[in-house]
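The values are calculated or read from the model by the stated rules, or taken from the named source; none is laboratory data. All values derive from a computational prediction rather than experimental measurement. Ideal geometry is used to build each Cβ from the backbone, glycine not excepted, and the neighbour counts take in all protein chains shown. Side chains are part of the model used for accessible areas, which takes the heavy atoms of the whole protein and leaves out ligands, DNA and RNA. Shrake-Rupley method; radii C 1.70, N 1.55, O 1.52, S 1.80 Å.
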Amino acid sequence: RAVQRLHAGLGLVGCDSGVYTLSHDATSFGQVSRYIAPRDLPTRLSSRMRKIRIERELSSYAASRPAGLELFSDDRSPYISDVLAQMPDCDVVNLHWVAGFMDYTSFFAEIRKPVVWTMHDMNAFTGGCHYNMRCDHFRYHCGACPQLGSLMQEDLSSVVLKRKAKALSRLKHGQINIVATSQWMKREAESSTLFRNLPISVIPLALDVEVFRPCDGAGMRSALGIPKEAKVVLFAADSVSNQRKGFSEFYAALDGLQVDGELFLLTIGSSAPKLNPTFGHFHIGQMNNDHLMAAIYSAADVFVIPSLQEAFGQTALEAMACGTPVVGFDTGGIPDMVRSGVTGMLAPLGDVAGLRFCIAQVLNDVAQRRNMAAQCRRIVEDEYALTVQAGKYVALYEEMLAS
């Protein structure tokens, strides 16, 4: 979604943008080129064997990996042959989420274009994890990886980080510029052993402010059977079992929440949370229609993003664009958007009582909530519109080409 929005924004400012992807579901982007794996038998066999080796090395940690974690991604890919050959001609390559597609060693050995790399999580500069969850090994050297459940210093994370470092060393000076989507991501990348000596810019994600805008929330409430005067809290995450998304902390905060009137919880995601609430609850399921999402955000009085780590937080930005104040923990990229007392409220990381207080404060103070809603919309229009983001990228592309 982030790539699609940047692609659209670049088009709005007159930049010739194309998307090159392994994905089968990117047909709505326009100007998309898909990588097609060679079908000759030797290449197919080689790719198949490489994929088996990669999967086997990770599966050896299956018994020791803790539950509730993100993906763990290797630097290697089954797709080596023709990845660069099939890539459309361009002046600048802007990498995004490339785990499983781009093979570090072959790509950085062969690429001759300027490279901009937009980080959507931490995987680009770690030994395999996408969020470090309090582990600081990536700052020096990986190994004894807690996300692999490993006690060995020379484990898969250590090997992956070393291969990444060797691959990046093949780039020419000034050939790559890293883009962080938040100040937190920039600080984390600057502290990493892989990226600390590379130029890092901060360019936040963006959205279409004409699609995500305040709309008829009352109509959506009626359609979902939400009582007219209820105080509606909205939560969205693809999986509530992912510890990083903080659903357990959020649900604990709702317990004992004191609000003026009836409380109603709306949840969005592919998996419905197992709840036994004393308040109304409706699970919408997975939602891919942006216009419907805008109506759902508009139906809520507050959007809660209780993530324990978040590189940016697109859902928080979407809610703000629809004039819905946001409550969350003071962590990751969330404070860039959620400015306490202005566009919402922040609690100390992991502080359930603090999160409960913030939710209650926003729900019970109608005048403050109305003022926050106006500030949310103003800040999104000024700082997070597609053309604002695209203009910053174009300036970066031009700077790299000029130098």
Exercise for the section: Please specify each residue of region 81-115 satisfying the condition of being touching a strand residue (DSSP E or B) at 6+ places or on another chain (Cβ under 8 Å), open to solvent by less than 40 Å² (accessible area, probe 1.4 Å) and more than 20 Å from residue 23 (Cα to Cα). Expected result: 92, 111, 114, 115
Practice task
Identify, by number, the condition in (1) assigned to a helix (DSSP H, G or I); (2) out of contact with any Ser or Thr (no Cβ under 7 Å at 6 or more places or on another chain); (3) at pLDDT below 95; (4) farther than 17 Å from residue 168 by Cα that residue 84 doesn't meet.
Solution key: (4)
Exercise for the section: Determine whether residue 275 is open to solvent by less than 50 Å² (accessible area, probe 1.4 Å) and part of a strand (DSSP E or B). Expected result: no
Completion exercise
Filter region 313-328 for residues that are assigned to a loop (DSSP other than H, G, I, E, B) and open to solvent by less than 10 Å² (accessible area, probe 1.4 Å); the one that is nearest to residue 382 (Cα to Cα) is 322
Practice task
Any chance you could count how many residues in region 1-54 are in a helix (DSSP H, G or I), in contact (Cβ under 8 Å) with a residue 60 or more places away in the chain and more than 18 Å from residue 95 (Cα to Cα)?
Solution key: 1
Problem - Residue match in region 246-253 (condition: assigned to a strand (DSSP E or B) and buried (at least 19 other Cβ atoms within 10 Å of the Cβ)) - result: no
Problem - Options 178, 203, 226; residue that is at pLDDT below 95 and either among the aromatic types (Phe, Trp, Tyr) or buried (at least 19 other Cβ atoms within 10 Å of the Cβ) (or both) - result: 226
Fill in the blank from the handout: Among the residues of region 329-362, the number that are part of a helix (DSSP H, G or I) and more than 18 Å from residue 377 (Cα to Cα) is 10
Fill in the blank from the handout: If we keep only residues of region 365-403 that are within 30 Å of residue 249 (Cβ to Cβ) and in contact with a strand residue (DSSP E or B) (Cβ under 8 Å, 6 or more places away or on another chain), then the residue surrounded by the fewest Cβ atoms within 10 Å (Cβ to Cβ) is 369
Exercise for the section: Mind telling me which of the residues 102, 119, 133, 185 ends up being touching a Gly at 6+ places or on another chain (Cβ under 7 Å) and either touching a residue at least 24 places away in the same chain (Cβ under 8 Å) or of a type in the set (D, E, K, R) (or both)? Expected result: 185
Completion exercise
Checked pairs for region 270-296, first farther than 17 Å from residue 222 by Cα and β-branched (Val, Ile, Thr), second at pLDDT 90 or above and in a loop (DSSP other than H, G, I, E, B), C-beta under 9 Å and 6 or more apart or across chains, list as 278/255
Problem - Single condition residue 55 does not satisfy, out of (1) open to solvent by less than 50 Å² (accessible area, probe 1.4 Å); (2) of a type outside the set (A, V, I, L, M); (3) over 23 Å from the mean Cα position of the chain (by Cα) - result: (1)
